[in-house]
1. Skip the ligands, DNA and RNA, and give the accessible area per residue of the stretch 240-336 with a 1.4 Å probe, whole Å².
2. Sort the following peptides by mean Cβ neighbour count (other Cβ atoms within 10 Å, averaged over residues), highest first: 191-201, 87-97, 177-187.
3. Return the carbon/sulfur percentage of the accessible area of the stretch 1-130, one whole number, probe 1.4 Å, all protein chains in place.
4. Among 264, 40, 186, whose Cα sits farthest toward the positive end of the charge dipole of the chain (+1 at Cβ of Lys/Arg, -1 at Cβ of Asp/Glu, about the Cα centre)?
5. Tell me the angle of helix 315-325 to the major Cα principal axis of the chain, expressed in degrees between 0 and 90 and rounded to the nearest ten.
6. Would you list the P(r) distribution for the stretch 187-316, with all Cα-Cα distances sorted into 5 Å bins from 0 and each bin expressed as a whole %?
7. With the alpha-carbon atoms as the only input, what is the per residue convex hull volume for the chain in Å³?
8. Which whole number of Å³ per residue matches the convex hull of the alpha-carbon atoms in the stretch 44-145?
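The values are calculated or read from the model by the stated rules, or taken from the named source; none is laboratory data. Nothing here was measured: the structure is a model prediction, and the numbers come from that model. Virtual Cβ from ideal backbone geometry, glycine too; neighbours counted across all protein chains shown. The area values use the complete protein model at the heavy-atom level, side chains included, leaving out ligands, DNA and RNA. Shrake-Rupley method; radii C 1.70, N 1.55, O 1.52, S 1.80 Å.
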Amino acid sequence: MTRIIPLRAPAGELLGRIRRVREAGDVPLVGDERLPEAQWAAVRDLVDGAAVPPGTAWATLTSGSSGTPRVVLRTAESWSSSWSEVSALLGASDEDRVLCPAPPSSSLTLFSLAHALEGGGPRPVLGRSAAGATCFHGTPQGLRELLAADGPPTVRTALVGGSHLDPALRAAAEARGIRVVAYYGAAELSFVALDDGSGLRPFPGVHVEIRSGQLWVRSPYTALGYLGRPGPLRVDGDWATVGDLAEITGGALRLRGRADGAIVTASATVIPEEVEVALRTVPEVGDAVVFGLPARVVGELVAALIEPVDTGVDVATLRRAAAALLAPASRPRVWFTGQIPRTPAGKPARAETLRRARSGEVARLGR
């Protein structure tokens, strides 16, 4: 009987342990060593003796940006059928090295480990040291840290996913001689669309359509589903969605955020990601995460946690900028400042942001 084998190991041992699990016909599930023991124990309890669907080859943990991670199951082919395209995007062979700063528990890095192990992809360099790496696969936060590191990077190509890529960050990387390809995807869908700077276009082999404002994809890269509790993946024949809101304009795909993450305030619906994109254009703002703060009468208040640039930021400046950039309903009514909490993969952790705001762990600006 095929089993799911939870793994946590030092970077130098991990690839070998994954190989042995795969050769035994079992399914590796890589966990983050920083995951709280209670959560890791819950994951182990979930997979212990669980019935594994036929054809399952890989199991990944979702990022947990909105709560406890889920276990996503997928076939070997759902990843291997995209390896040749990814190698071409990176301009890399098995002689190259790919920097993977996100933890191996993330689907971004586990994909690269699988690619190297079974698909002749570039050798993964785990961690944040780019020593000798010629390409990069990670989140915008990982790319930002790469550019901030001492010395000129040896990286020549960056494949960036996981969250929105700020155009200024792309420009900074390209100024350093790094070719940047951003992509939209999900743990459940893998690669969906690519952006070389001219807008998101469907990844080779993927078809997209918009149904009632939500993005649906027909793709050979879609996961089988979940182990245990259900998640946002829904399937309709050959089509699947995770509930992301989107539109297609001039052949380019524009993501508007996750439908289940929308903020409902005084009967208006606000998409946090759209507000974040606007706030990141403010010179004093290094990064921003937007969330709903529960409030009586109106339901939720639009709130923002601002990670300022070195010069800092004041609430008057933020309110003026919001008034100039955003419709009234979308303007944050409550502002906080501090370091944005992130998942191990580098994505903003919205549930943790709300918790810190409500507990007073981040500073509130003005009243």
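1. Working: 4280 Å² over 97 residues.
Ligands and nucleic acids excluded, the result is 44 Å² per residue.
2. On the way: 191-201: 18.1, 87-97: 16.3, 177-187: 20.6.
Sorting 191-201, 87-97, 177-187 by mean packing, highest first, produces 177-187, 191-201, 87-97.
3. Working: 2680 of 5610 Å².
In the stretch 1-130, the share of accessible area belonging to carbon and sulfur is 48 percent.
4. About the Cα centre, the residue reaching furthest to the positive side is 264.
5. 80 degrees
6. 2, 9, 15, 17, 17, 15, 13, 8, 3, 1, 0
7. 147 Å³
8. Working: hull volume 11.5 nm³, N = 102.
For the stretch 44-145, the hull spanned by Cα atoms encloses 113 Å³ per residue.
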